[in-house]
Amino acid sequence: MKRKVERISATIVEILKTIPGVDSILLNESAETDIVNSYFFLSMDVYCKGSFPDVKERQKLFNEAGAFESSHVNVKDRFFIEDLPVRIEYKEKGRIDTIVNDNEGNLWAFHDNGTYMFYRLQTGRVMYKSSDWIDTVRKKILDLPESFWGVLRESSMRSMEHYLVDLSSAALNSDNLFYIVSLSGYLKYLCSFLFVINRKFEPSRRRLADQVLELEILPENFLGRFDSLIREDPEFPPSRKREVAKLLTKSLIYLY
């Protein structure tokens, strides 16, 4: 990473370490992107034991930051430091332990973002740790049972087929908005299915297009069909993309 990124990352970590109950701080891979790339931002996951500081207390920690804003859905803050975008998400260790130790009993946690939670745990750069908790968690998620992958495979396939029906209906009815929404859902669960088949954790959606093509196990003619679905081309209107999606879905059966 560039010196500026390293310096600011280290400064943020020193501030976050002062919060009572902080166990581990991970820096996510978006920080490795070139600083001029629009996908660049400093993203940190802060794993804590117990409750988090409230919004006002967290804002005081970064009183020199610009454009501070906080999400009330997740405990997540966004701001700028020296023109670098920063995102910090606070996560409770107990909740992570519950999901990791009983992954099949907490499948709700994987419905919207697949295994991205585990991806962040696995690939984040450890900037600070006060115990061996993060090392233990990483070992556990690398040894998940086949039954876990099997349930995710069936779930992603069902969701993909659901969106396939929707995008087919939308294409036949020339409903452009519903078609776009349905195609988006179809592609999301298609990628989820392929990562599950390969026993790989899903990256962020910014990196899906790159990493899905690097998977070892892919269906026949996947590259061409996938490209047909994601690119804008007058020769591939919704009616043709619907047929491509049907063919692609059928080819996945042979991957079971």
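Please treat every number below as a calculation from the coordinates, not as lab data. This structure is a prediction, so every number in the text was calculated from the model and none was measured. Glycine gets a Cβ as well: all are built from the backbone with ideal geometry, and neighbour counts include every protein chain shown.
Label-to-label distance, E146 versus L61, with points set 7 angstrom from Cα along the beta-carbon direction: 4.3 nm. Note on A209 and F80: the model spin-label points, each 7 Å out from Cα along the C-beta direction, lie 2.6 nm apart. In percent, rounded to a whole number, the relative contact order of the chain is 15, using alpha-carbon pairs under 8 Å and six or more apart.
Evaluate the Debye formula for the chain with equal point scatterers sitting on the alpha carbons, no solvent, and hand back log10 of I(q)/I(0) at q = 0.08, 0.11, 0.14 Å⁻¹, in q order, two decimals. Taking Cα atoms of the chain as identical point scatterers yields -0.39, -0.71, -1.04. Modelled spin labels at S70 and I19, positioned 7 Å past Cα toward Cβ, are 1.0 nm from each other.
Against the chain, whose longest principal axis comes from its Cα atoms, helix 176-197 is set at around 70 degrees.
By other beta-carbon atoms within 10 Å, ranking V36, V196 with the fewest at the front produces V36, V196. Taking other residues whose beta carbon is less than 10 angstrom from the beta carbon of E82, and scoring Lys, Arg as +1 and Asp, Glu as -1, yields 0. Given a 10 angstrom Cα cut-off, can you work out which residue in L121, L61, L194 is the most mobile in a GNM of the chain? The residue that fluctuates most here is L61.
Calculated FRET efficiency, E6 to E104, Cβ-Cβ distance, R0 = 35 Å: about 0.30 to the nearest 0.05.
Mind giving me the FRET efficiency for K250 and H111? R0 is 25 Å, r the Cβ-Cβ distance, nearest 0.05 is fine. About 0.50, to the nearest 0.05. Whole-percent P(r), region 3-141, all Cα pairs, 10 Å bins from 0: 11, 42, 36, 11, 0. Using the Kirkwood radius over C-alpha pairs as Rh, can you work out the diffusion coefficient of region 146-255 via Stokes-Einstein at 37 °C, viscosity 0.692 mPa s, in µm² per second? For the chosen part, D equals 232 µm²/s. Within the same chain, aspartates and glutamates fewer than 8 places from K76 are excluded, and of the rest, those with a Cα less than 16 Å from its Cα are D45, D54, E57, E89, E92. Taking 24 Å as the straight-line reach from the Cα of K200, the lysines in range (excluding those fewer than 8 positions away in the same chain) are K91, K93, K139, K140, K188, K250.
The length gained on full extension between R158 and L223, counted as 0.36 nm times the residue separation minus their Cα-Cα distance, comes to 21.2 nm. Helix 146-172 and the long axis of the chain differ in direction by around 60°, with both axes built from C-alpha atoms. Between the alpha-carbon centres of region 65-98 and region 192-256 there is a gap of 32 Å. Applying the criteria of a DSSP loop state and at most 15 other Cβ atoms within 10 Å to the GluC sites (Glu not before Pro) of region 226-256 yields E232, E235. Mean residue ellipticity at 222 nm from the helices of the chain, using -39,500 (n - 2.57) per DSSP H segment of n ≥ 4 over the full residue count, to the nearest 500 deg cm²/dmol? Using -39500 (n - 2.57) per qualifying helix, the result is -15500 deg cm²/dmol.
Going 7 Å from the Cα of D233 in the Cα-to-Cβ direction, what parts of region 173-205 have a backbone nitrogen less than 17 Å from that spot? In region 173-205, the label zone of D233 (backbone N under 17 Å from the point 7 Å along Cα→Cβ) covers no residue.
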